[in-house]
There are 2 protein chains.
Amino acid sequence: MAYKGDANLEQLLKTAKETRSLADIKDILKGIVAAPEDIAAPDRWLTLFKSASDKAVAGQLAALKDKMAEHPETIHQNKLADTRAEMARRDIDGFFVPRADEYHGEYVPPRAGRLEWVTEFSGSAGAAVILKDKAGFFTDGRYTLQARKQVNAKDFYIGTTAPDKKDLKRPLTPTEWIEKNLPKGAKFGIDPWVMTANEVKSVKEKVEAAGGTLVFVDSNPLDAAWKDQPAAPISPVVPQPLEYAGKSSDEKRKALAEKLTEKGTDAIAIGFPEEICWLLNVRGGDVPCTPFALSYAIAHKDGTVDWFIDQRKLTDKTKEWVGKDVRIHDLAEFSGSLAALAKQGKKVWVDPYSAPIKAQIIVTDNGGTVYTGNPGDRSPLQLMKALKNKVEIDGTAAAHIRDGAALTRFLAEIADPDKAATHTEISASDTLQGFREENEKFRGLSFDTISGAGGNGAVIHYRSTPETDQPLTAGPVYLVDSGAQYLDGTTDVTRAVAVGTTKPSADMIENFTLVLKGHIDVAMAVFPAGTTGKPLDDKARAALLEKKRDYAHGTGHGVGSYLSVHEGPCGISSASTSVPLEPGMVISNEPGYYKEGEYGIRIESLVTVIDTGKKDADGKNLLAFKTLTMAPIDRKLINADLLTTDELKWLNDYHAEVQKNLLPLLEKTDPKAAAFLKKATAPIQKNTTQFKINGIKGFLF
Amino acid sequence: MAYKGDANLEQLLKTAKETRSLADIKDILKGIVAAPEDIAAPDRWLTLFKSASDKAVAGQLAALKDKMAEHPETIHQNKLADTRAEMARRDIDGFFVPRADEYHGEYVPPRAGRLEWVTEFSGSAGAAVILKDKAGFFTDGRYTLQARKQVNAKDFYIGTTAPDKKDLKRPLTPTEWIEKNLPKGAKFGIDPWVMTANEVKSVKEKVEAAGGTLVFVDSNPLDAAWKDQPAAPISPVVPQPLEYAGKSSDEKRKALAEKLTEKGTDAIAIGFPEEICWLLNVRGGDVPCTPFALSYAIAHKDGTVDWFIDQRKLTDKTKEWVGKDVRIHDLAEFSGSLAALAKQGKKVWVDPYSAPIKAQIIVTDNGGTVYTGNPGDRSPLQLMKALKNKVEIDGTAAAHIRDGAALTRFLAEIADPDKAATHTEISASDTLQGFREENEKFRGLSFDTISGAGGNGAVIHYRSTPETDQPLTAGPVYLVDSGAQYLDGTTDVTRAVAVGTTKPSADMIENFTLVLKGHIDVAMAVFPAGTTGKPLDDKARAALLEKKRDYAHGTGHGVGSYLSVHEGPCGISSASTSVPLEPGMVISNEPGYYKEGEYGIRIESLVTVIDTGKKDADGKNLLAFKTLTMAPIDRKLINADLLTTDELKWLNDYHAEVQKNLLPLLEKTDPKAAAFLKKATAPIQKNTTQFKINGIKGFLF
């Protein structure tokens, strides 16, 4: 008899009052297939299913069993049960599953998608805690709906804020949930490769508060349970030449060595691939959107580096490029090399925020000394990398001009209501990507494009899927947040624009203008050296806050140079209180405003910190921002009357700069877009003749 | 372009002078498939293969990559490299891979076929040692040819005696190889679940002799590396009713409790499923040929038992059967329960020969005391189980009569030269199995039938495969060693018989008769209580040794009662010096003689030890054997002149007994076989008229 499918069997099971789920039944069948056939009583296995007294059920169970026996390569797993069995093998009662992998980056390769594997949750932020008899899943508010759809609430407590405002109870955080649910005397496991010392600290506190003990497992139970876990990625590692890097690896390594010596350390264990790629002037392709080569490194105070990487990613050219002061080893040798160093009694810098806590453990267990800096200190490489050199700044500026031209061609296309009407969110982002791909230095997107029409624009980290995709003109405001990787720089830009034939409301225009005021006030800020991001974040929100409005995200994040689109240590947010802004940093300036279900506004440009050459009364250098992003800000959404004279001047000057930079490129490639650019960047005047259409104020231009 | 297959690509690679193997290349492609696609440079991955400068190679690599991407469920592994990566994760430089699994039995389920997975060796005995840069595989002489065929000598040192006599150098044992190859300071890993304390001891000595340290890993690196590892088997566990078991589980548990109390222990941790199945009067079907339910147990001195088993194997009936004094838990709870016991300061008996050393570790680590008995002592359950009760003995005897009838039907068929000519080794064993299957108490074979024609009969543990299968009449002597599991007992019988039209040589007949003398001398031995197997082993070999001939295996092994066909603690061999034979034991009596490439002779019957009711001069009870196996011994191969009068009388008496027991059964079911039986068991006379055919002495009957 042939197997008639899961739906059919589920119906039969229901009729026969089977209490087990189909997943559980498949799990049992998997074990039955793995046992020898009972030649004397070939049907005896059916006694394990009470519902098999029903002949139809028995027939279909037999058919399913035969099918599973024929396709042993298709792995049917009860993931949570298998994980718990592996936990029991390791003698632990609980286990923490972060989103991060061994390299602690934003993107993880399929192999490291452990959180998604065990919870089915595909978002980019979250964590799970698995105990013997219960489990919890946790994510932030932006993923609430997705979590409820993907994560099985029978298996997991779902800790995320409610999407509707009625449920105001704050959900538990992972560590609060641990404290509440971990039995006294329990052993709680951590994979010390996928968590940093800083992350472990907070878990440890709560585990001990619950009367439990924290245990470091020597292998991840999920990897053991995950039978069809993909391979680790292999992608070529290529040199990042001096024409883009601006500074030789030798120079960088020497500068790092000085910092190591300064702190009395012998070496630093680096677990963060973006720092390694920057230090060695190489790039890879192991994860989406970020040109990383997943690897570890140990940099020594003599300026040499031991680099631990799957050597199959390296061509002879790349090996030659990194030079003889960079000793190449297999990834598996990292532990042993670090232990050997520790055995010599060396003092090793291990960043508690980015390196796996395992690195600390190895050093300590082998008699070495761990240096973690002062509380709050980050890896010295963070700041070194953040302070871009002139070649990097020039490259980034050049990349932004080419990227701005591509974005403007796209904005020109959707400014035509007839053209806009032919687009959905997904076709729009595909079109934009197509314009970018035409550039010869294009290396990929720097993150998945956020293409949000109408109400979808209000979902801060929206990703359009075939299920959510809607016409671009679903609302009068369309938000597109996108960026790309170029050999000479990384871009990240958001524009919200009016689309279609429905005119934007006065409310939309007012909020857009308030956001723009914040954006401009940051862009034209002048501040003394030593200033951190916090006061600039205040500035970005001021206009909105005056109207009791705000946005639930930071104003700015650091951006790499053909590296990660999100990088430390600098930023513009209420939390940016420890790292002063310094010339050469590249940061985003992106205030926003979101009206749930209606529209989203965000105006994002990248800026670089410059020295004005002037000093304040205390003799401190006065710093300012130079905006790198080159793309028009939609005039149809601006009420110039709400702008100060200085703000308006900044806007007109910016648009003039955009026109000057992009027009030569567009005139060559896309005359229609060039014509659009001229109009879109024309100066705006205050007291522009206003008129009303359908009772809504608008501007004529 | 379609993929043209491995052979084609290997040829292309060879032409292009690629230095990597196809397996290594597939491994790299697996990583490439797991990395994001490089949309800007979709062919860049080809730079990782120098040979891809050849366009034909590049095309086929691309086709293979596409094929692998389409079938991610097909797992391509570099098993040894993946195992070493998992070893590195566990920070160990070496790892021991025994054939045994967590239950230390002769048969392992597919899930525990770790040795075969990593070495490709499919035999039933062997071990591997994996170091960082080399590995060794070890097996005994009977598997030499198979090992050379299956195990890749580029990856593994192959430690096994040479099949030809020229290479006389004794190969290294696994522990000698460790001592020789393990680098000083290395950490050598052991999975404490799959090795007993006794096994670990010898490894530890050599590891330390090499200057290394023994480390217990908390999870097996092979399980983590083995991505398509099958599930653990699930097979129904059924009651073994009193009509076959003869003694209630309650009685057995009470008797065990007395032994625990006697030794001052609180409990015993049982890691050997056959002991658990015997103690609880249950049977299962998790491994081939042995009715085991893989599980662990802890028996307490109050007569109760905690049983740790995948509960999905248990029907309500079975749960009810074991009763409330047997507390059922999930398998994963074994560690925790044992730890809890140890935390109470209990003294726990852990057999160093059959329980995983992990059980000792858990007890010790948690403050308990481990009791292992005196040096050489076995688990108390071994002896308890070996001393069969009257119901078991009667059942076994009954099973042997039914089994003998089936075997005699088979012997009758192949005694007809025309019929014999239609058979090969495999068709013959299938036919024999068919006769056994007709019995309603038949539950399966007790081991894979050894069906060896001519020279194949000389391969002691021969298993016929389609490659080695040959006509039954390949030589004049055919050896068949087979057995079955019945609800009331387990059988194991070997007969060597003359087949076909070529008459057996005088040499064959002489050797058969010498083997028979040994068999009879054991069978009719009378010995005082306290006698171990060793003097009986001497008796079995005496006739052969007089002619400077011998056989390279023991003479007898214990046999279970509808349990394992090989069980401890008793045996008949040169090593059987510590366990005295006692009434109720069931043992095999199987001397043999093997002429390489020509023929194999073995005469095996099971016997049970009985009390003669007489005493020797010292007042010790005189014991003897009663032969249980009922099957004719081929008269065509016997030279009665070589037998003593007592031996001949034994043979004639035995054949009379065989006829008496089998004839009623065969007359009903198979008149032809009944006729054969009558002739085959007719009394033999000394000085029987002899005549020569083609110069070879034979007997007329």
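The values are calculated or read from the model by the stated rules, or taken from the named source; none is laboratory data. Quick caveat: nothing in here was measured; it's all calculated off a predicted structure. Cβ placement follows ideal geometry from the backbone for every residue including glycine, while neighbour counts extend to all protein chains displayed.
Key figures for this structure:
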{"read-out": "Residue in segment B:648-664 that is over 30 Å from B:Gly584 (Cβ atoms), in a helix (DSSP H, G or I) and not β-branched (Val, Ile, Thr) present", "value": "no"}
{"read-out": "Tabulated pairs, segment A:76-100, first at the interface with another protein chain (Cβ under 7 Å from one of its Cβ atoms), second of a type in the set (Asp, Glu) and in a loop (DSSP other than H, G, I, E, B), C-beta under 6 angstrom, 6+ apart or interchain", "value": "A:Arg90/B:Asp218"}
{"read-out": "Test: residue in segment B:298-312 that is of a type outside the set (Asp, Glu), closer than 28 Å to A:Leu29 by Cα and surrounded by fewer than 17 Cβ atoms within 10 Å (Cβ to Cβ)", "value": "yes"}
{"read-out": "Which listed residue is in contact (Cβ under 8 Å) with a residue 12 or more places away in the chain, within 14 Å of chain A (Cβ to nearest Cβ) and closer than 22 Å to B:Leu677 by Cα, from B:Arg402, B:Arg409", "value": "B:Arg402"}
{"read-out": "Selection within segment B:218-237 - closer than 30 Å to B:Val391 by Cβ and more than 8 Å from every other protein chain (Cβ to nearest Cβ)", "value": "B:Val237"}
{"read-out": "Test: B:Tyr244 is aromatic (Phe, Trp, Tyr), under 30 Å from A:Ile92 (Cβ atoms) and more than 10 Å from chain A (Cβ to nearest Cβ)", "value": "no"}
{"read-out": "Helices (runs of 4 or more DSSP H) within segment A:123-239 that include 1 or more residues more than 27 Å from the chain's Cα centre (by Cα), farther than 30 Å from B:Asp24 by Cβ and hydrophobic (A, V, I, L, M, F, W, C)", "value": "A:197-209"}
{"read-out": "Criterion: more than 9 Å from chain A (Cβ to nearest Cβ), touching a residue at least 24 places away in the same chain (Cβ under 8 Å) and among the basic types (Lys, Arg) - qualifying residue of B:Lys4, B:Lys50, B:Lys14, B:Lys55", "value": "B:Lys4"}
{"read-out": "Among the residues listed as A:Gly246, A:Gly264, the single one being touching a residue at least 60 places away in the same chain (Cβ under 8 Å), on the phi > 0 side of the Ramachandran plot and within 27 Å of the chain's Cα centre (by Cα)", "value": "A:Gly246"}
{"read-out": "Some residue of segment A:543-556 being within 23 Å of A:Leu407 (Cα to Cα), in the same structural domain as A:Ala496 (by TED's automatic domain parsing) and not in a loop (DSSP other than H, G, I, E, B)", "value": "yes"}
{"read-out": "Candidate set: segment B:393-446, residues that are of a type in the set (Ser, Thr, Tyr) and within 18 Å of B:Arg495 (Cα to Cα); chosen: the one surrounded by the fewest Cβ atoms within 10 Å (Cβ to Cβ)", "value": "B:Ser427"}
{"read-out": "Residue satisfying condition, being crowded, with 21+ Cβ neighbours inside 10 Å and either over 36 Å from the mean Cα position of the chain (by Cα) or small (Gly, Ala, Ser) (or both), within set B:Leu12, B:Leu61, B:Leu46", "value": "B:Leu61"}
{"read-out": "Of residues in segment A:17-46 being among the small types (Gly, Ala, Ser) and under 18 Å from B:Glu440 (Cα atoms), the one nearest to the other protein chains (Cβ to nearest Cβ)", "value": "A:Ala40"}
{"read-out": "Residue in segment B:209-228 that is farther than 30 Å from B:Val129 by Cα, out of contact with any Phe, Trp or Tyr (no Cβ under 8 Å at 6 or more places or on another chain) and at pLDDT 95 or above present", "value": "no"}
{"read-out": "Among residues of segment B:112-134, those that are farther than 22 Å from B:Lys154 by Cα and surrounded by fewer than 19 Cβ atoms within 10 Å (Cβ to Cβ), counted", "value": "1"}
{"read-out": "Residues within segment A:583-616 that are touching a helix residue (DSSP H, G or I) at 6+ places or on another chain (Cβ under 8 Å) and either aromatic (Phe, Trp, Tyr) or part of a loop (DSSP other than H, G, I, E, B) (or both), tallied", "value": "11"}
{"read-out": "Which listed residue is buried (at least 21 other Cβ atoms within 10 Å of the Cβ) and either away from chain B (no Cβ under 14 Å) or farther than 27 Å from A:Met195 by Cβ (or both), from A:Glu258, A:Glu262, A:Glu275", "value": "A:Glu275"}
{"read-out": "Hey, A:Lys30 basic (Lys, Arg), buried (at least 21 other Cβ atoms within 10 Å of the Cβ) and assigned by TED's automatic domain parsing to the domain that holds A:Leu13 or not", "value": "yes"}
{"read-out": "Any pair with Cβ under 6 angstrom, 6 or more apart, that starts in segment A:427-451 at a residue that is away from every other protein chain (no Cβ under 13 Å) and touching a residue at least 24 places away in the same chain (Cβ under 8 Å) and ends at one that is acidic (Asp, Glu) and buried (at least 18 other Cβ atoms within 10 Å of the Cβ)", "value": "A:Ile450/A:Asp481; A:Ser451/A:Glu425"}
{"read-out": "Residue under evaluation B:Leu622, criteria (1) at pLDDT 95 or above; (2) of a type in the set (A, V, I, L, M); (3) part of a loop (DSSP other than H, G, I, E, B), criterion not met", "value": "(3)"}
{"read-out": "Hits in segment A:306-361 (condition: part of a loop (DSSP other than H, G, I, E, B), free of Cβ contacts under 8 Å to residues at least 40 places away in the same chain and either more than 14 Å from chain B (Cβ to nearest Cβ) or more than 30 Å from B:Phe49 (Cα to Cα) (or both))", "value": "A:Lys324, A:Gln344, A:Gly345"}
{"read-out": "Residue within segment A:587-609 that is modelled with pLDDT of 95 or more, among the charged types (D, E, K, R) and over 22 Å from A:Gly475 (Cα atoms) present", "value": "no"}
